[in-house]
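K.L.:
Pasting a structure below so you can have a look.
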Amino acid sequence: MTGAAARTRALALALAVLTLLPFASHSQFFVNLAMLTAISAALGQAWNIAGGFGGLTSFGHAAFFGLGAYADAILQTRYGLNPWLGLPAAAAFGGGAGWLIGTATFRAGLRGSYFALVTLAFAQAFGVLANSLDITGGGSGILVALHPGAGRFQFTDRRAGYALAVALLALATLAAWRLSVGRFGAHLLAVRENEDAARALGVPAVRVKSAALALSGALTALGGVLYVQSYLYIDPGIAFSAERSVEMLLVAMIGGAGTVLGPLLGALVVHAIADTTRSLITTPGVAPMLYGVVLLLIIGLLPGGVVRIAAVRGDG
Amino acid sequence: MAEAAPLLEVRGLARRFGGLRAVRGLDLDVQAGTIVALIGPNGAGKTTSFAMIAGFVRPDAGSVRFAGRDITGWVPERIAHAGIVRTFQITQPFAGLSVAENIRIGAFLRTRAPAAAMEQARALGSELGLAALLDRPAAALTVAGRKRLELARALAAGPRLLLLDEVMAGLTPTEVNDTVALVRGVRDRGVTILLTEHVMQAVMALADRIHVLAEGALIATGPPRQIAADPRVVEAYLGAGAAARLADG
Amino acid sequence: MMALLLPALVGGVLTGGVYALVALGLTLIYGVLHIVNFAHGSLLMVAMFGAWLLATRLGLDPLAAVPLMAGAMFAIGWGLYRFVIGPVGRGDDRGVLLATLGVAVVLDNAALIAFTGDSRSIETPYALQMVQAGPLLIPLAKLVAFAGAMLIALLLWAFMALTDTGRAIRAVAREPEGAALVGIRPARIFALAYGIGIACLGAAGCLLLPSFYVSPQVGGMFVLVAFTVVVLGGMGSFPGAVVGALLVGITENLGNLYLGESLGPICVPLLFIAVLLVRPTGLFGAVR
Ligand SMILES: Nc1ncnc2c1ncn2[C@@H]1O[C@H](COP(=O)(O)OP(=O)(O)OP(=O)(O)O)[C@@H](O)[C@H]1O
Ligand SMILES: [Mg+2]
């Protein structure tokens, strides 16, 4: 037991050092890769809070990502708000949507596969709305004017973008760690393991699950803000794509769902696959196909995810 | 018999499943500080009655009052907060959590701080003979261990009224004796208990009052001695082919 | 408005007929294995590409390819369940869901590698032919697809009701343990039922191809439609799947008519959410 705990601590330390490395690099290419990996890890961690700790297998987390991205883009382009305010606004939209979707579906008793499909339907519905409303710019999306400067939340140095991605990753990982030690997290695990038993012991299952989805949704929405601020563009396909939802799930499942360090490892694995294949084969689809294969292998052979190799019990 | 208002008052509780009348008009009082048993042959409606009292099954008719409040139709978690905690006949462990973590979920009902709740959980688990298993996953427990865990988890929640659904089924005679002593100890600490049990020896040893259910209807109520001698009760059991159990007891 | 409404209704019914075939496979798989087959849309895409290859490389008309593709898709489905979904999912709800998701991801991207992301269609002599029915002009391809789908649905029903294999499948659906006691091997039946469900997609792919485009993304477009049909009709119910499919087809067409091409597609996801929140047993419920 102590052996596993020590190994987990060593792993955490190694990952922390790894996140610091890119700051020392002058290669924009490398820093960019690191930034994408950190965002994947942060989004995977956000998914993990609902999907791993809560067992709420969402197939539609892009709904929250897109809400955050559009909240940020619309507020600054249509209402002239400072883009920094996009962060709290996105968190509020993402969190609110998570709470509402959670309350509605969990009250109706939807679980497991049904919940997964409902989240997918929400993401699709949001995508259709974004594609047809005026305020979202319809299919052509929203372009944010270029105004480099910290005051406008736009950075030309990629390392600043990377720092923001790491900050979001740290926030999400802190939230996951709190879950692994606190009362709310224990309630969430109890509901995941056995809802009836949890309720018999006074755990308000619907509220606990909805709160987890709200927290997860808020963090995911923050990822949407970072996307808009680094690419200065959003459209319905980017915001609400099924691929984004699936990637968040993959990162968490491959690394180890319901563990604090799993999504970090998962993001490393996924990006290692992506970057090696991209340098070897240019045909689109090869890397995502490999993710699918890895997912099948992990589910079949190592259901606890890659983190199980490093730590015997994944609660580190 | 001038008694204080009972802690639990069940009136006319009824529930159908399709065409089957699982419980038809159950009346039952539980005085604070006593142990009351609800017995009856298989399928009599005992578990369904417990599930209705604890909020897991919505009654078609009737009411449940607890500590002076009407709790009919409340959700289970609210009823648990009010002070009624049930165990499950088919044990329901949090399989992926350790035994201590399982018990801690109960302790969290009254104790917010994680460390304090864990301390309580470990102490209670040790008291109930789970000391060596506290850090093992709950999924690894034997039947007897799982029954213990049900009890420990419920006790950790600090209930005023404990609903025990066959916590002795599947235990060896020695384990039954231990559990009888344990339940009595719980009552002595001031927890009121409503239990169902097929192990008659345990029921007779523990219960202050017994209610007998057959095919959803209450057929007899009284102290253990009177119930044991009641021909209707024997007939209900014999009719259901459970005479052997009585003889065992 | 009437002038537009009637064609939209008829168009909805015709599309719904093919949806019924897609959904019958899904509801069969759910009814017997109690699993949600998230790879269903992607397997339909595979079937459509199969029919497309047969048509473009061998000049085989999709309608003539129905038996061939149904057989091929049966083999693919059987093997997929036997060697991937069964062992990977281990019968646990989340495991199976994720296994079928993994299969979908692999298939979608394999198609992307093999065929690129372009949309493809075929030319048939009857592609532009119309049938005059009173005031309506109905595309012949859609009419044939509808008739074919209904015919295959009937055959499937007859197979399930009248053959020994069909009866064994239904026995396993109702009581796997009981069926095992009388000598039926549930594991075999599961792979068989999955194969039959996917064989329906083989037929559906052929019937769809003359009037639909195929691309690697088609699976993602169909998967929610198929689940909406099945949930609306009641998971596991055959008549439910047919009625649900017609309703979904009509809803889709009316949505496009009244809300426009861009907002119209919201109808299917909204319908899906509404059914699950309000009446998760669907119109017919599942008779187990
Ligand atoms: N959810 C349900 N749906 C349908 N029927 C049910 C349901 N729950 C219980 N029943 C039926 O109601 C009747 C009473 O069941 P219950 O579990 O309350 O009996 P019991 O007295 O606890 O029996 P046992 O001694 O075997 O535990 C039984 O016939 C049972 O099959
Ligand atoms: Mg019972």
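The values are calculated or read from the model by the stated rules, or taken from the named source; none is laboratory data. Computed from a prediction, not measured in an experiment: that's the story for all the values here. So basically every Cβ, Gly included, is an ideal-geometry build from the backbone, and we count neighbours across all protein chains shown. Side chains included, ligands, DNA and RNA excluded: accessible areas come from the protein's heavy atoms. Shrake-Rupley method; radii C 1.70, N 1.55, O 1.52, S 1.80 Å.
K.L.:
To the nearest hundred square angstrom, how large is the accessible surface buried between A and C, total for both chains, probe 1.4 angstrom? If you can, show how the numbers build up before the last one.
P.N.:
Working: alone 14640 and 13550 Å², together 24900 Å².
In total, chains A and C hide about 3300 Å² from solvent.
K.L.:
While we're on this one: When a/c is below 1.5 the answer is rounded, else prolate if a/b is larger than b/c, else oblate, so apply that to the range C:1-117 with a ≥ b ≥ c taken from the square roots of the Cα gyration tensor eigenvalues.
P.N.:
On the way: a/c = 2.02, a/b = 1.35, b/c = 1.50.
Verdict is oblate for the range C:1-117.
K.L.:
For B:Ser63 and B:His81, compute 0.36 nm times the residue count separating them, minus their Cα-Cα distance, and round to one decimal in nm.
P.N.:
Numbers: separation 18, 0.36 × 18 = 6.48 nm, distance 1.86 nm.
Additional length available on full extension: 4.6 nm.
K.L.:
From the phi angles alone, apply the Karplus equation (6.51, -1.76, 1.60; θ = phi - 60°) to the range A:116-132 and give each ³J(HN,Hα) in whole Hz, x where the residue is Gly or Pro.
P.N.:
My calculation for the range A:116-132 gives 4, 5, 5, 5, 4, 5, 4, 4, 5, 4, 4, x, 5, 4, 4, 6, 10 Hz in order.
K.L.:
Looking at the range A:1-159 from every direction and averaging, what is the projected area of its Cα convex hull in nm²? All intermediate terms of the calculation are to be shown ahead of the outcome.
P.N.:
Numbers: hull surface 50.4 nm².
Value for the range A:1-159: 12.6 nm².
K.L.:
Also, quick follow-up: Taking a spot 7 Å from the Cα of C:Val278 along the direction of its beta carbon, which residues of the range C:238-257 have an amide N less than 12 Å from it?
P.N.:
What the label zone holds, given the 12 Å backbone N cut-off, is no residue at all.
K.L.:
Same structure, new question: Which chymotrypsin sites (Phe, Trp or Tyr not before Pro) from the range B:45-102 combine a DSSP loop assignment with at most 16 other Cβ atoms within 10 Å? Mind showing how you got there, number by number?
P.N.:
Details: sites: B:Phe50, B:Phe56, B:Phe66, B:Trp74, B:Phe88, B:Phe94; in loops: B:Phe56, B:Trp74, B:Phe88, B:Phe94.
Answer in residue order: no site qualifies.
K.L.:
Right, next: For a Förster distance of 35 Å, can you work out the FRET efficiency between the beta-carbons of A:Arg107 and C:Ser119, rounded to the nearest 0.05?
P.N.:
Working: r = 41 Å, r/R0 = 1.16.
Result of the calculation: an efficiency of 0.30.
K.L.:
Using a 1.4 angstrom probe on protein heavy atoms only, which residues from the range A:121-157 are buried by at least 30 Å² of accessible area when all chains are present rather than their own chain alone?
P.N.:
By number: A:Ala121, A:Phe122, A:Gln124, A:Ala125, A:Val128, A:Ser132.
K.L.:
Right, something else. Using amide H atoms built 1.01 Å from N in the peptide plane, name the residues 5+ places from B:Leu38, or on other chains, whose amide H lies under 5 Å from its own.
P.N.:
B:Leu195, B:Thr196, B:Glu197, B:His211
K.L.:
Of B:Gly73, A:Gly161, C:Val13, which is farthest on the positive side of the dipole of the protein assembly as shown, counting Cα position, with +1 on Lys and Arg Cβ, -1 on Asp and Glu Cβ, and the Cα centre as origin?
P.N.:
So the residue we want is B:Gly73.
K.L.:
I would also like to ask the following. Treat each spin label as a single point 7 Å out from the Cα along the C-beta direction, and report the B:Thr174 to A:Leu280 distance in nm.
P.N.:
Taking the two extended label points, one gets 6.1 nm.
K.L.:
May I ask which residue of A:Ala97, A:Val128, A:Ala205 lies farthest towards the positive end of the charge dipole of chain A, with charges of +1 (Lys, Arg) and -1 (Asp, Glu) on Cβ and the Cα centre as origin?
P.N.:
So the residue we want is A:Ala205.
K.L.:
Once both labels are modelled 7 Å past Cα along the beta-carbon direction, what's the C:Val131-B:Ala115 spacing in nm?
P.N.:
Distance between the two pseudo-spin positions: 7.9 nm.
K.L.:
Roughly what % of Cα-Cα distances in the range B:118-163 sit above 11 Å, to the whole percent?
P.N.:
That fraction is 66 percent.
K.L.:
Once you place label points 7 Å from the Cα toward the Cβ at B:Arg225 and B:Glu127, how far apart are they in nm?
P.N.:
3.3
K.L.:
Separate question: Amide H neighbours of C:Leu283 under 5 Å, at least 5 residues apart or on other chains, H built in the peptide plane: list them.
P.N.:
Answer set, sorted by chain and number: C:Gly233, C:Gly234.
K.L.:
Calculate, for the range A:86-168, the solvent-accessible area per residue in square angstrom, rolling a 1.4 angstrom probe over the heavy atoms of the protein chains. Could you put the intermediate results ahead of the total?
P.N.:
Working: 3460 Å² over 83 residues.
On a per-residue basis, 42 Å².
K.L.:
Roughly how far apart, in whole Å, are the Cα centres of the range C:9-42 and the range A:21-46?
P.N.:
That distance is 42 Å.
K.L.:
Restricting attention to the range B:163-234, which trypsin sites (Lys or Arg not before Pro) occupy a DSSP loop and are surrounded by at most 10 other Cβ atoms within 10 Å?
P.N.:
Values: sites: B:Arg184, B:Arg187, B:Arg189, B:Arg209, B:Arg225, B:Arg232; in loops: B:Arg189.
Counting only loop positions with at most 10 other Cβ atoms within 10 Å, the trypsin sites (Lys or Arg not before Pro) in the range B:163-234 are B:Arg189.
K.L.:
Next question. Per-residue mean of other chain beta-carbon atoms within 10 angstrom of the beta-carbon, peptide B:71-83? Numbers along the way, then the final one.
P.N.:
Values: counts 0, 0, 0, 0, 4, 10, 11, 3, 3, 7, 2, 1, 1.
Other-chain Cβ atoms within 10 Å of each residue's Cβ, averaged: 3.
K.L.:
Using +1 at the Cβ of each Lys and Arg and -1 at the Cβ of each Asp and Glu in the range C:152-288, identify which of C:Val225, C:Pro176, C:Gly249 lies farthest towards the dipole's positive end.
P.N.:
C:Pro176
K.L.:
A further question on this structure: Based on DSSP H runs of at least 4 residues, each adding -39500 (n - 2.57), what is the mean residue ellipticity at 222 nm of chain A after dividing by all its residues, to the nearest 500 deg cm²/dmol? If you can, show how the numbers build up before the last one.
P.N.:
Working: 14 runs with 225 residues, N = 316.
That calculation yields -23500 deg cm²/dmol at 222 nm.
K.L.:
Report, to the nearest 10°, how far helix C:238-263 tilts away from the longest principal axis of the Cα atoms in chain C, using its own Cα long axis and a range of 0 to 90°.
P.N.:
The answer is roughly 40 degrees.
K.L.:
How large is the Kirkwood hydrodynamic radius of the range C:2-215, counting all unique pairs of alpha carbons, in Å? Please list the in-between numbers first.
P.N.:
Details: mean 1/r = 0.0552 Å⁻¹.
Evaluated over the range C:2-215, this radius sits at 18.1 Å.
K.L.:
Would you calculate, for chain C, the mean residue ellipticity at 222 nm contributed by helices, counting each DSSP H stretch of 4 or more residues as -39,500 (n - 2.57) and dividing by all residues, to the nearest 500?
P.N.:
Mean residue ellipticity at 222 nm (helix-derived): -24500 deg cm²/dmol.
K.L.:
Mind putting a number on the dipole of the range C:2-215 about its Cα centre? Charges go on the C-beta only, +1 for Lys and Arg and -1 for Asp and Glu, and I need it in Debye to the nearest 20.
P.N.:
In total the dipole reaches around 280 debye.
K.L.:
Roughly how tilted is helix C:218-233, in degrees to the nearest 10 and between 0 and 90, from the longest Cα axis of chain C?
P.N.:
70
K.L.:
Taking the Cα centre as origin and putting +1 on Lys and Arg beta-carbons and -1 on Asp and Glu beta-carbons, what dipole magnitude results for chain B, to the nearest 20 debye?
P.N.:
Values: 28 positive and 23 negative charges, 109 e Å.
About 520 debye.
K.L.:
What figure in square angstrom, to the nearest 10, would you give for the accessible area of C:Met130 with a 1.4 Å probe?
P.N.:
110
K.L.:
If I fit a long axis through the Cα atoms of helix C:267-278 and take the longest principal axis of the Cα atoms of chain C, what angle between them do I get, 0 to 90°, rounded to 10?
P.N.:
Helix C:267-278 sits roughly 40 degrees off the main axis of chain C.
K.L.:
I'd like the Karplus ³J(HN,Hα) series for the range C:21-29: coefficients 6.51, -1.76, 1.60, θ = phi - 60°, whole numbers in Hz, and an x wherever there's a Gly or Pro.
P.N.:
Running phi through 6.51 cos²θ - 1.76 cosθ + 1.60 with θ = phi - 60° gives 5, 4, 6, 4, x, 5, 6, 5, 4 Hz.
K.L.:
Enumerate the calculated ³J(HN,Hα) couplings along the range C:51-63 in order (Karplus 6.51 cos²θ - 1.76 cosθ + 1.60, θ = phi - 60°), each rounded to whole Hz, writing x wherever the residue is Gly or Pro.
P.N.:
These are the phi-based 3J(HN,Hα) values: 5, 5, 4, 4, 6, 7, 8, 10, x, 7, 5, x, 5 Hz.
K.L.:
Only Cα pairs under 8 Å and at least 6 apart count here; give the relative contact order of chain A as a rounded whole percent.
P.N.:
Details: 553 pairs, mean separation 102.3, N = 316.
Once normalised by length, the contact order is 32 percent.
K.L.:
Next question, about the same structure. Taking K and R as +1 and D and E as -1, what net charge do the other residues with C-beta under 15 Å from the C-beta of C:Met48 add up to?
P.N.:
Numbers: positive: C:Arg57, C:Arg120; negative: C:Asp61, C:Asp108, C:Asp118.
Overall, the nearby charge balance is -1.
K.L.:
Now, a different point. With +1 on each Lys and Arg Cβ and -1 on each Asp and Glu Cβ, and nothing else charged, work out how big the dipole of the range A:3-315 is about its Cα centre, in Debye to the nearest 20.
P.N.:
Numbers: 18 positive and 11 negative charges, 130 e Å.
Computed charge dipole of the range A:3-315: roughly 620 debye.
K.L.:
Relative contact order, percent, of chain B when contacts are C-alpha pairs under 8 Å separated by at least 6 residues? Don't skip to the answer; put the middle values down first.
P.N.:
Working: 479 pairs, mean separation 62.2, N = 249.
In percent, rounded to a whole number, it is 25.
K.L.:
Please compute how much accessible surface disappears when B pairs with A, both sides summed, using a 1.4 Å probe, and round it to the nearest 100 Å².
P.N.:
Working: alone 11360 and 14640 Å², together 24080 Å².
Approximately 1900 Å² gets buried when B meets A.
K.L.:
For A:Gly54, what residues show an amide H to amide H distance below 5 Å, using hydrogens built from the backbone and excluding near sequence neighbours?
P.N.:
Those lying under 5 Å, H to H, from A:Gly54: there are none.
K.L.:
Apply 1/(1 + (r/R0)^6) to the Cβ-Cβ distance of A:Trp177 and C:Glu175, taking R0 = 35 Å, and write down the FRET efficiency to the nearest 0.05. Before the final figure, lay out each step's value.
P.N.:
On the way: r = 46 Å, r/R0 = 1.32.
Taking R0 as 35 Å, the efficiency between A:Trp177 and C:Glu175 is 0.15.
K.L.:
Can you tell me which of A:Leu201, A:Leu188, A:Leu297 moves the most in a GNM of chain A? Springs connect C-alpha atoms under 10 Å apart.
P.N.:
Among A:Leu201, A:Leu188, A:Leu297, the largest GNM mean-square fluctuation belongs to A:Leu201.
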